[in-house]
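Below is one structure, written out as structure tokens; comments come after it.
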Amino acid sequence: MTYRKTLALCAAFGVAGCSLAPAYHRPNLASPTPPTWKTAPGWRIAAPSDDAPRADWWTAYGDAQLNDLMVRAVLHNQTLAQAAATYRQATATTREARASLFPTVTADGQVTHSYSGGSSSVISSGSGTGGTTTTTSSGSGKASTSYRLSANASWTPDLFGQITYTVRNARLTEQARLADLANARLALQGELATDYLSLRAADAQIASLSATVEAYQRSLTIATNRYNAGIVARTDTFQAQSQLASAQSDLEGQRRTRAQFEDAIAVLVGENPASFTLPSLGAGWKPVVPEVPVIIPSSLTERRPDIASAERAVAAANAQIGVERAAFFPTVNLSADGGVTDNMLSSLFSSASSFWSLGAQVAQTIFDFGARKARVAQARAAYDAAVANYRQVTLTAFRDVQDNLIAQQILARQEAFLRIASVAADKSEASIRNQYRSGIIGFTDVVTAQATALSARRALIQAQVDRQNATVALVQALGGGFGQADLTNGAEAVRAAAVEQAQKN
């Protein structure tokens with residue numbers, strides 16, 4: 001049925017049961033959903049007992065400090081507070097739109113004092129909306145006072161669904177903002193976890209470099225003693241000094257990196273970096289790489305809050321088409337007025353001087369040079385844009401999961417290789433250092449072995465934190481603990497209210 005025929009039938013039958021918005025169906029994806037994820041060669045996806053990341057997924061890292069920071073961030077992060085306020089604004093907009101379905105009632109009280117004579121008059125009046133005073137030349141006359149109380153009710157029946165579609169659009173937009181709030185929370189938690197794990201890796205790097213500096217200091221002492229004894233050339237001391245200074249510079253760089261992560265965490269938990277500190281774990285860092293439950297690809301669209309937000313935006317755009325189509329039909333306004341008036345305030349409500357009126361008004365745009373058709377076209381184009389955005393967000397989500405799944409697998413193998421390399425480099429360094437003390441080899445060989453061992457140790461630490469951060473990114477790509485139920489049972493709204501209350505306290 002064409003659009004014009006639909007309008008004609010709706011007008012003929014009083015639009016009972018007519019829907020001016022297209023029937024909504026979730027848009028198809030840009031490409032078919034694969035049955036499983038692509039994995040790296042030689043790798044098989046583990047099958048954990050639960051089929052999706054938990055809401056408190058960060059507890060899998062077994063770090064009480066991280067758990068505490070997550071709680072503080074949800075309570076005090078300002079970006080999250082902004083998202084919560086935006087959601088509350090959307091809920092208020094929905095309530096405002098829904099109120100248009102019901103009549104509006106107003107009341108007005110008025111007091112009028114008048115004075116009149118042969119050539120003069122003074123009239124003053126006051127009401128709930130203000131008062132007026134008119135004065136001419138004074139003279140002898142008569143003064144009088146009157147009181148008036150009235151009420152007005154007006155209602156625009158939603159005969160053609162314009163208000164209904166407006167309410168639907170507001171409600172769907174509200175759900176999109178709710179998903180945005182969940183997405184902001186997940187982004188905050190992911191960023192905080194990444195910064196915290198990177199800070200702990202910096203602690204490990206600082207501990208490793210501190211031990212290296214001490215070892216290089218001992219090597220410099222040995223080289224200096226051997227030079228003073230006339231056993232080796234002075235170039236050995238120069239090499240030892242250069243190597244020591246380079247390691248000391250790297251140590252200072254790591255301290256700067258740690259300070260930056262600490263400051264970033266302070267901002268995330270809503271605290272001033274100048275007064276925020278986290279104690280160092282030093283060499284006590286024990287990197288935990290949890291197993292992330294991997295859902296099947298077809299479940300991803302139900303798990304990502306950004307996908308949920310994009311899909312709700314499509315539904316809202318669909319409802320807006322109905323709003324614009326309804327503008328082709330007339331609007332009907334019903335009104336009723338009534339009240340009482342008397343010259344005595346004490347007898348106002350018992351006065352027989354009452355009045356009332358009923359009225360109806362119908363308005364219809366006859367010709368607007370295609371403005372309404374243009375607005376419908378705009379709404380349709382906005383819907384098409386929302387569909388394209390939904391498909392793009394979904395494709396990006398699949399890419400995020402695939403990239404981080406592959407990264408997790410490859411980084412695990414890299415860490416294993418780097419651990420072997422680090423152990424071998426440490427053994428080689430110890431052996432060459434002993435040979436130098438025995439005078440078998442020169443100090444250049446010692447420098448080379450020590451540099452190789454240090455590089456291997458630092459690469460191993462970096463691989464460990466890279467694996468941890470890859471699990472964080474994978475959890476985010478899978479949607480964290482989000483589910484479609486959060487949009488229907490108000491779970492996220494309850495959490496947002498809890499955040500708001502905690503901030504007030």
**OP:** Kindly indicate whether V376 is surrounded by 10 or more Cβ atoms within 10 Å (Cβ to Cβ) and hydrophobic (A, V, I, L, M, F, W, C).
**Re:** yes
**OP:** Filter the range 246-274 down to residues that are without any contact (Cβ under 8 Å) to a residue 12 or more places away in the chain and under 27 Å from the mean Cα position of the chain (by Cα) and give me whichever is farthest from W58 (Cα to Cα).
**Re:** A274
**OP:** Restrict the check to the range 229-241 and report whether at least one residue is in a helix (DSSP H, G or I) and out of contact with any helix residue (DSSP H, G or I) (no Cβ under 8 Å at 6 or more places or on another chain).
**Re:** yes
Subject >> Where A182 falls short, out of the listed (1) within 30 Å of E302 (Cα to Cα); (2) open to solvent by 30 Å² or more (accessible area, probe 1.4 Å) >> reply: (2)
**OP:** Name the residue, out of N152, N169, that is farther than 17 Å from D400 by Cβ, of a type outside the set (G, A, S), surrounded by fewer than 20 Cβ atoms within 10 Å (Cβ to Cβ) and touching a residue at least 60 places away in the same chain (Cβ under 8 Å).
**Re:** N152
Original post:
Can you spot a residue in the range 467-482 that is at pLDDT 85 or above, in a helix (DSSP H, G or I), touching a Ser or Thr at 6+ places or on another chain (Cβ under 8 Å) and farther than 21 Å from P293 by Cα?
Top reply: no
**OP:** Write out, first by first residue and then by second, each pair whose Cβ atoms fall under 9 Å of each other, whose residues are 6+ apart or on separate chains, and whose first residue, in the range 379-407, is without any contact (Cβ under 8 Å) to a residue 60 or more places away in the chain while the second is β-branched (V, I, T) and open to solvent by less than 50 Å² (accessible area, probe 1.4 Å).
**Re:** R380/I321
Subject >> Pick from the range 48-68, criterion at pLDDT below 75 and either open to solvent by 90 Å² or more (accessible area, probe 1.4 Å) or charged (D, E, K, R) (or both), ranking: farthest from A477 (Cα to Cα) >> reply: S49
Subject >> Long-range neighbours under 6 Å by Cβ, at least six apart or interchain, first residue surrounded by fewer than 19 Cβ atoms within 10 Å (Cβ to Cβ) within the range 212-240, second outside any helix (DSSP H, G or I) and of a type in the set (V, I, T) >> reply: R226/V232
**OP:** Working carefully through the options E262, E252, find the one that is of a type outside the set (A, V, I, L, M), modelled with pLDDT of 95 or more and open to solvent by 60 Å² or more (accessible area, probe 1.4 Å).
**Re:** E252
**OP:** Could you please find all residues in the range 262-302 being outside any helix (DSSP H, G or I) and in contact with a helix residue (DSSP H, G or I) (Cβ under 6 Å, 6 or more places away or on another chain)?
**Re:** V269, G270, F276, L278, S280, L281, W285, P287, V288, V289, P290, V292
**OP:** Report yes if some residue within the range 440-448 is of a type in the set (F, W, Y), open to solvent by 20 Å² or more (accessible area, probe 1.4 Å) and assigned to a helix (DSSP H, G or I); otherwise report no.
**Re:** no
Original post:
Within the range 301-346, can you find the residues that are of a type in the set (D, E) and more than 30 Å from P32 (Cα to Cα)?
Top reply: E324, D337, D342
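Looking at the range 286-298, is at least one residue without any contact (Cβ under 8 Å) to a residue 60 or more places away in the chain and surrounded by fewer than 17 Cβ atoms within 10 Å (Cβ to Cβ)?
At the first step, the residues of the range 286-298 found to be without any contact (Cβ under 8 Å) to a residue 60 or more places away in the chain are 286.
Next, only the ones that are surrounded by fewer than 17 Cβ atoms within 10 Å (Cβ to Cβ) stay: 286.
Yes, the range 286-298 contains at least one residue that is without any contact (Cβ under 8 Å) to a residue 60 or more places away in the chain and surrounded by fewer than 17 Cβ atoms within 10 Å (Cβ to Cβ).
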**OP:** For the range 438-449, enumerate the residues that are in contact (Cβ under 8 Å) with a residue 24 or more places away in the chain and over 18 Å from L244 (Cβ atoms).
**Re:** G439
Original post:
Given the conditions (1) open to solvent by less than 60 Å² (accessible area, probe 1.4 Å); (2) under 30 Å from I307 (Cα atoms); (3) at pLDDT 90 or above, which single one is not true for E415?
Top reply: (2)
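The values are calculated or read from the model by the stated rules, or taken from the named source; none is laboratory data. All figures in this text were calculated on a predicted structure; none of them were measured in a lab. Positions of Cβ are generated from backbone atoms using ideal geometry, with glycine treated the same way; all protein chains shown enter the neighbour counts. The accessibility values were calculated without ligands, DNA or RNA, using every heavy atom of the protein model including side chains. Shrake-Rupley method; radii C 1.70, N 1.55, O 1.52, S 1.80 Å.
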